[in-house]
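A.B. asks: Below is one structure. I have some questions about it.
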Amino acid sequence: MRRGIYIVANDKVGENAIALLNSIRFYDPDTEVFLIPFNDEHQTVFAELQKRHNVQLFPDLDFLNQFTDTIANIFDRDFLALPNKMRKLVAWSGPLDEFLYIDTDIIVFEKIANVMDHLAEAEFLCCDFHFKGRGLNDVFSSLVKEQGLFSDEQLQDVFNSGFWASKKSALPLERMVELLRECAAHREYFDFSRQTTDQPIMNYLVLRSMPRRVNLVKLRANEPGSWAGSPNFQEKDHILYDRGTPLRYLHWAGTPMKAGSPYRELWEHYRYLHEPRPVQPESPDPIPNSWQELTRKVTRKIKSAFQ
């Protein structure tokens, strides 16, 4: 059995991809990692990840392009403007028998491939609190409950599509295409209000086709969080802790990733794990606007009048 990790990236997210792979390889030098190109502009990031961490390119780019064309033919452009955002779905048609998918706005704090051990009892695995926090938001509209499409129990298994694992055998391509056509026929089922393109559709595919699912946060009472928008994590030795329990990973989903953003220093630690950090230029003094300058002039005149 072949087991490994998939990521989707292009040159635009190259810095994030390097940070992610640096963190993966720090805890796990051996697990196979494949890059699924988001588009044709992936040569730079792939060359860098291959050199640094022996990342492999998804082996059938012709199939990847055909799959993207199939998605484009299934969905109207006003429904799915960027078919490439669905490319992570080719993980079910790739070379790995069991696989973990990770978005590039994530860093990990353990040998993360070990979560796939739980696939011995399941066809699909996730690890997040979406069902408690966002609920059906960013996934389904209320119609899925009103029309009885999914049970309340099933809807407790909604998940964030940035971190999940499955088996190649769990979703054959023919069945996937059939379910995608169902999605395309029922846009009203989904909540796209925050542009979560792939997440609603992925949830539909999984809930409709994989009855054996596991969410790791439900398996133990002290399972830590993972969202970078949470301010309560504590850092020690470049690992985050949630009430004393180390996080498995940190996900910036919907949270800015730039200077001053949550946990930015930690991200920079993993990004520049094997190289010097670039020297940040000093910020120039701000140029005062006309109102500020006028206020200063008036203040100086008032002071001089009383001296």
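A.B. asks: Can you tell which of Leu155, Leu216, Leu207 is surrounded by fewer than 18 Cβ atoms within 10 Å (Cβ to Cβ) and aliphatic (A, V, I, L, M)?
C.D. replies: Details: Leu155 fails: surrounded by fewer than 18 Cβ atoms within 10 Å (Cβ to Cβ); Leu207 fails: surrounded by fewer than 18 Cβ atoms within 10 Å (Cβ to Cβ).
Residue meeting the stated conditions: Leu216.
A.B. asks: Kindly provide the set of residues from segment 91-131 that are of a type in the set (Asp, Glu) and closer than 14 Å to Arg213 by Cβ, ordered by number.
C.D. replies: From segment 91-131, those of a type in the set (Asp, Glu) are 97-98, 103, 105, 110, 117, 121, 123, 128; that's our starting set.
Within segment 91-131, Glu121, Glu123, Asp128 meet the criteria.
A.B. asks: Further question: Only one residue in Ala120, Ala165 is among the aliphatic types (A, V, I, L, M) and within 21 Å of Arg87 (Cβ to Cβ), so which one is that? Before the answer, list the steps.
C.D. replies: Values: Ala120 fails: within 21 Å of Arg87 (Cβ to Cβ).
Result: Ala165 is the single residue among Ala120, Ala165 that is among the aliphatic types (A, V, I, L, M) and within 21 Å of Arg87 (Cβ to Cβ).
A.B. asks: If I filter segment 231-284 down to residues being without any contact (Cβ under 8 Å) to a residue 12 or more places away in the chain and of a type in the set (Lys, Arg), which single residue comes out as surrounded by the most Cβ atoms within 10 Å (Cβ to Cβ)?
C.D. replies: Applying the filter and picking the extreme gives Arg264.
A.B. asks: Still on this structure, I have one more. Please enumerate the residues belonging to segment 112-150 that are acidic (Asp, Glu) and in contact (Cβ under 8 Å) with a residue 60 or more places away in the chain. Walk me through it before giving the result.
C.D. replies: First, pick out the residues of segment 112-150 that are acidic (Asp, Glu): 117, 121, 123, 128, 138, 146.
Answer for segment 112-150, where residues must be acidic (Asp, Glu) and in contact (Cβ under 8 Å) with a residue 60 or more places away in the chain: Glu121, Glu123, Asp128, Asp138.
A.B. asks: Which condition does Pro83 not pass, out of (1) under 21 Å from the mean Cα position of the chain (by Cα); (2) modelled with pLDDT of 95 or more; (3) closer than 24 Å to Trp252 by Cα, if it passes all the others?
C.D. replies: The single condition Pro83 does not satisfy is (2).
A.B. asks: When residues of segment 235-264 are filtered for being of a type in the set (Val, Ile, Thr) and at pLDDT 95 or above, how many remain?
C.D. replies: From segment 235-264, those of a type in the set (Val, Ile, Thr) are 239, 245, 255; that's our starting set.
Subsequent filtering for residues that are at pLDDT 95 or above retains 239, 245.
Selection size over segment 235-264: 2.
A.B. asks: Could you pull out every one of the strands (runs of 3 or more DSSP E) wholly within segment 92-152 that has 3 or more residues that are among the aliphatic types (A, V, I, L, M) and touching a Leu at 6+ places or on another chain (Cβ under 9 Å)? Reasoning before the result, please.
C.D. replies: Numbers: elements: 98-102, 106-108, 124-126.
Per the criteria, 106-108.
A.B. asks: Now a separate question. Whether any residue in segment 91-112 is surrounded by fewer than 16 Cβ atoms within 10 Å (Cβ to Cβ) and of a type in the set (Ser, Thr, Tyr) is what I want to check.
C.D. replies: no
A.B. asks: May I ask you to say which residue of Asp138, Asp105, Asp117 is of a type outside the set (A, V, I, L, M, F, W, C) and at positive phi? Outline the logic, then answer.
C.D. replies: Details: Asp105 fails: at positive phi; Asp117 fails: at positive phi.
It is Asp138.
A.B. asks: Considering Arg243, Arg220, Arg212, which residue is of a type in the set (Lys, Arg) and either touching a Lys or Arg at 6+ places or on another chain (Cβ under 9 Å) or within 30 Å of Val177 (Cα to Cα) (or both)? Give the derivation first.
C.D. replies: Numbers: Arg243 fails: either touching a Lys or Arg at 6+ places or on another chain (Cβ under 9 Å) or within 30 Å of Val177 (Cα to Cα) (or both); Arg220 fails: either touching a Lys or Arg at 6+ places or on another chain (Cβ under 9 Å) or within 30 Å of Val177 (Cα to Cα) (or both).
Testing whether each residue is of a type in the set (Lys, Arg) and either touching a Lys or Arg at 6+ places or on another chain (Cβ under 9 Å) or within 30 Å of Val177 (Cα to Cα) (or both) leaves just Arg212.
A.B. asks: Taking into account only those residues within segment 1-25 that are without any contact (Cβ under 8 Å) to a residue 40 or more places away in the chain and part of a helix (DSSP H, G or I), which is farthest from the chain's Cα centre (by Cα)? If you could, list the steps in order and put the result at the bottom.
C.D. replies: Keep residues of segment 1-25 that are without any contact (Cβ under 8 Å) to a residue 40 or more places away in the chain, which gives 10-12, 14, 21, 25.
Checking which are part of a helix (DSSP H, G or I) leaves us with 11-12, 14, 21, 25.
Details: Asp11: 16, Lys12: 15, Gly14: 14, Leu21: 14, Arg25: 18 Å.
Ranking the qualifying residues of segment 1-25, first place goes to Arg25.
A.B. asks: Look through segment 183-200, keep the residues that are loosely packed, with under 14 Cβ neighbours inside 10 Å and without any contact (Cβ under 8 Å) to a residue 40 or more places away in the chain, and return whichever of them is farthest from Val8 (Cα to Cα).
C.D. replies: From segment 183-200, those loosely packed, with under 14 Cβ neighbours inside 10 Å are 185, 188, 193-195; that's our starting set.
From what's left, without any contact (Cβ under 8 Å) to a residue 40 or more places away in the chain: 185, 195.
Numbers: Ala185: 27, Gln195: 18 Å.
Filtering segment 183-200 for residues that are loosely packed, with under 14 Cβ neighbours inside 10 Å and without any contact (Cβ under 8 Å) to a residue 40 or more places away in the chain, the one farthest from Val8 (Cα to Cα) comes out as Ala185.
A.B. asks: Is it fair to say Ala47 is at pLDDT 95 or above, surrounded by fewer than 20 Cβ atoms within 10 Å (Cβ to Cβ) and either aromatic (Phe, Trp, Tyr) or over 30 Å from Tyr241 (Cα atoms) (or both)?
C.D. replies: Working: at pLDDT 95 or above: yes; surrounded by fewer than 20 Cβ atoms within 10 Å (Cβ to Cβ): yes; either aromatic (Phe, Trp, Tyr) or over 30 Å from Tyr241 (Cα atoms) (or both): yes.
Against the criterion (at pLDDT 95 or above, surrounded by fewer than 20 Cβ atoms within 10 Å (Cβ to Cβ) and either aromatic (Phe, Trp, Tyr) or over 30 Å from Tyr241 (Cα atoms) (or both)), Ala47 qualifies.
A.B. asks: Quick check: anything in segment 110-126 out of contact with any helix residue (DSSP H, G or I) (no Cβ under 7 Å at 6 or more places or on another chain), farther than 15 Å from Ile36 by Cβ and at pLDDT below 95?
C.D. replies: Looking for residues that are out of contact with any helix residue (DSSP H, G or I) (no Cβ under 7 Å at 6 or more places or on another chain), farther than 15 Å from Ile36 by Cβ and at pLDDT below 95, one finds at least one in segment 110-126, hence yes.
A.B. asks: Given the conditions (1) surrounded by 13 or more Cβ atoms within 10 Å (Cβ to Cβ); (2) free of Cβ contacts under 8 Å to residues at least 40 places away in the same chain; (3) farther than 20 Å from Pro172 by Cα, report the number of the one that Leu64 does not fulfil.
C.D. replies: (3)
A.B. asks: Another one. Just to be sure I understand the filter: pairs with C-beta atoms under 8 Å, separated by 6 or more residues or on different chains, first member in segment 31-57 and at positive phi, second member β-branched (Val, Ile, Thr) and in a strand (DSSP E or B). Which pairs pass?
C.D. replies: Asn54/Val33
The values are calculated or read from the model by the stated rules, or taken from the named source; none is laboratory data. For clarity, every value in this text was computed on a predicted model and none was experimentally measured. In this analysis, Cβ positions are derived from the backbone assuming ideal geometry, glycine residues included, and neighbour counts consider all displayed protein chains.
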